[in-house]
Amino acid sequence: MRYDRQIKLDEVGVSGQEKLRSASVLIVGVGGLGCPAAQYLASAGVGKIGLMDHDKVSITNLHRQVLYEENDIGKSKAIVAKGKLQRLNSEIELIAIEEALTIKNAEKLFGQYDLILDGTDNFETKYLINDACILTGKPWVYASIYKNEGQLSVFNYENGPTYRCLFPKTTRQNISCEATGVLGVVPGIFGMLQAMEALKIILGVGNVLSGKLKISNLLSGSEQILKLQQRPEEIDKIRKNGIIPVKIECQISDESRLYLDIREIFEQPRINSAKVIQIPLSDLDERIWEIPKEEEILVFCQSGKRSKKVVDLLKAEYGFQNLTNVEGGIETIISNS
Amino acid sequence: MKVNVKYFGVIAESAGKNEEVLELKQGTSVKDLKNQQIKKYQIQDAESVQIAVNQDLNNEAELKEDDEVAFLPPFAGG
């Protein structure tokens, strides 16, 4: 019998396995956290798993996003993950959702699952998950990574504290694993801890990490569990107003120049300035005419790589002579004040 | 009085250390200590930083001898 080794446990048993089979989990973001979480939930026999990711596999994902292989580069993460996991467990239902989570789709989507597992890498989506979970009454398993350190908690579980209770105010400093660097093991371990919390919630066993925040530094080996404070006004605010979008915006340090931002609209942080023309790379073909040819323009993306290609292409194919690539990407042109 | 202070995430980098022992005046509040350290280490987005005293994030009161104070920033990597 496939699940024999876990059914043997008192905490699981035949009835627990049945609970797993009838449970559904939505994984938002199938990256460093979401990949290992998805693997363990699928292999444990969770009956329905939603795999939500708008991103495509890139070569720099492979050291930590362990569902993907070299020949998956350029393919949709949600689709590739679904295929891999279906081969791992053909008895469960896997749903690939190739979309970004937005205010428009969040509540409807969350309504179709028992709990949400946060595999995202930005504040906007974490607040969005939080608010949509409050409105749909779903618990969510949170994790975040900064270098060798991780935070873990279960929010909105049986009227427990939420992410807004922990961080009522957020920071502009949205520092991703891409920017800081990370050993793949770190999100790997936290993704598995998230899977464990999800299993505890589904099975109704053990101590769910609700009302607590676990912080571990995997380099120093130090670990703390902090008690969270419930902030009812933060929860009521959402119940009353619906989802409150959190926008992380930043300023350009030199507003005298003109810029072209070719990042996709979901890439963070956003810059709100009359001096920045925003044309996502995916729309560039249809919108080239919007780029002025007279004025000097600095072209940027997240790292400086895509924008370099765009500058080269626009020069060679469309005769633009006024474009300069921002070598170090967005970080080098925003102000830190 | 002495308190043990721990720093997490990017704050540990601003401070250049994970923890330290500080000698404080009697009557120093959690808020006083937060403001003092934020200035000292030029910690950014101070509003977002949460403080735990003796592993509890629910705290407003004065600090006591041997309290453990943690400075916790939000982060979002994954």
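The values are calculated or read from the model by the stated rules, or taken from the named source; none is laboratory data. These numbers come from a predicted model, not from an experiment. Cβ coordinates were reconstructed from backbone atoms using ideal geometry, including for glycine residues, and neighbour counts include every protein chain displayed.
Results, tabulated for the structure shown:
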{"quantity": "Tally of residues being farther than 24 Å from B:GLY77 by Cβ and within 14 Å of chain B (Cβ to nearest Cβ) across the stretch A:102-135", "calculated": "0"}
{"quantity": "Selection count where residues are more than 20 Å from the chain's Cα centre (by Cα) and either over 23 Å from A:PHE123 (Cβ atoms) or not hydrophobic (A, V, I, L, M, F, W, C) (or both), scope the stretch A:253-280", "calculated": "16"}
{"quantity": "Residues of the stretch A:269-289 satisfying the condition of being within 24 Å of A:GLN251 (Cβ to Cβ) and either of a type in the set (A, V, I, L, M, F, W, C) or assigned to a strand (DSSP E or B) (or both)", "calculated": "A:ARG270, A:ILE271, A:ALA274, A:VAL276, A:ILE277, A:GLN278, A:ILE279, A:LEU281"}
{"quantity": "Residue match in the stretch A:136-158 (condition: within 8 Å of chain B (Cβ to nearest Cβ), of a type outside the set (Phe, Trp, Tyr), touching a Pro at 6+ places or on another chain (Cβ under 6 Å) and touching a residue at least 24 places away in the same chain (Cβ under 8 Å))", "calculated": "yes"}
{"quantity": "Close pairs (9 angstrom Cβ cut-off, 6 or more residues apart or separate chains): crowded, with 18+ Cβ neighbours inside 10 Å in the stretch A:304-320, among the basic types (Lys, Arg) anywhere", "calculated": "A:ARG306/A:ARG263; A:SER307/A:ARG263; A:PHE320/A:LYS293"}
{"quantity": "Residue match in the stretch B:52-61 (condition: surrounded by 14 or more Cβ atoms within 10 Å (Cβ to Cβ), more than 7 Å from every other protein chain (Cβ to nearest Cβ) and under 30 Å from A:GLN268 (Cβ atoms))", "calculated": "no"}
{"quantity": "Members of the stretch A:20-39 that are crowded, with 17+ Cβ neighbours inside 10 Å and part of a helix (DSSP H, G or I)", "calculated": "A:LEU20, A:GLY34, A:CYS35, A:PRO36, A:ALA37, A:ALA38, A:GLN39"}
{"quantity": "Leading residue by the ranking (nearest to A:VAL186 (Cα to Cα)) among those in the stretch B:62-71 that are touching a helix residue (DSSP H, G or I) at 6+ places or on another chain (Cβ under 7 Å) and among the aliphatic types (A, V, I, L, M)", "calculated": "B:VAL69"}
{"quantity": "Residue within the stretch B:11-19 that is within 9 Å of chain A (Cβ to nearest Cβ), surrounded by 17 or more Cβ atoms within 10 Å (Cβ to Cβ) and in contact with a Pro (Cβ under 8 Å, 6 or more places away or on another chain) present", "calculated": "no"}
{"quantity": "Residue in the stretch A:271-288 that is touching a residue at least 60 places away in the same chain (Cβ under 8 Å) and among the charged types (D, E, K, R) present", "calculated": "no"}
{"quantity": "Exclusive hit being surrounded by fewer than 24 Cβ atoms within 10 Å (Cβ to Cβ), outside any helix (DSSP H, G or I) and in the same structural domain as A:GLY188 (by TED's automatic domain parsing), set A:GLY83, A:GLY45", "calculated": "A:GLY45"}
{"quantity": "When residues of the stretch B:20-45 are limited to those that are surrounded by 17 or more Cβ atoms within 10 Å (Cβ to Cβ) and within 14 Å of chain A (Cβ to nearest Cβ), the one modelled with the lowest pLDDT", "calculated": "B:GLN44"}
{"quantity": "Residues of the stretch A:61-71 that turn out to be in a helix (DSSP H, G or I) and within 14 Å of chain B (Cβ to nearest Cβ), as a count", "calculated": "1"}
{"quantity": "Considering residues of the stretch A:16-59 that are within 14 Å of chain B (Cβ to nearest Cβ) and over 19 Å from A:LEU88 (Cβ atoms) only, the residue farthest from the chain's Cα centre (by Cα)", "calculated": "A:ASP55"}
{"quantity": "Filter result (part of a helix (DSSP H, G or I) and either touching a His at 6+ places or on another chain (Cβ under 9 Å) or not acidic (Asp, Glu) (or both)) within the stretch A:290-324", "calculated": "A:LYS305, A:ARG306, A:SER307, A:LYS308, A:LYS309, A:VAL310, A:VAL311, A:LEU313, A:LEU314, A:LYS315, A:ALA316, A:TYR318"}
{"quantity": "Qualifying residue in the stretch A:217-238 (condition: free of Cβ contacts under 8 Å to residues at least 24 places away in the same chain and assigned to a loop (DSSP other than H, G, I, E, B))", "calculated": "yes"}
{"quantity": "Of all residues making up the stretch B:1-10, the number that are β-branched (Val, Ile, Thr) and within 14 Å of chain A (Cβ to nearest Cβ)", "calculated": "2"}
{"quantity": "Residue identified as surrounded by fewer than 16 Cβ atoms within 10 Å (Cβ to Cβ) and in contact (Cβ under 8 Å) with a residue 40 or more places away in the chain among A:ILE129, A:ILE103", "calculated": "A:ILE103"}
{"quantity": "Of all residues making up the stretch A:286-334, the number that are in contact with a Cys (Cβ under 6 Å, 6 or more places away or on another chain) and β-branched (Val, Ile, Thr)", "calculated": "1"}
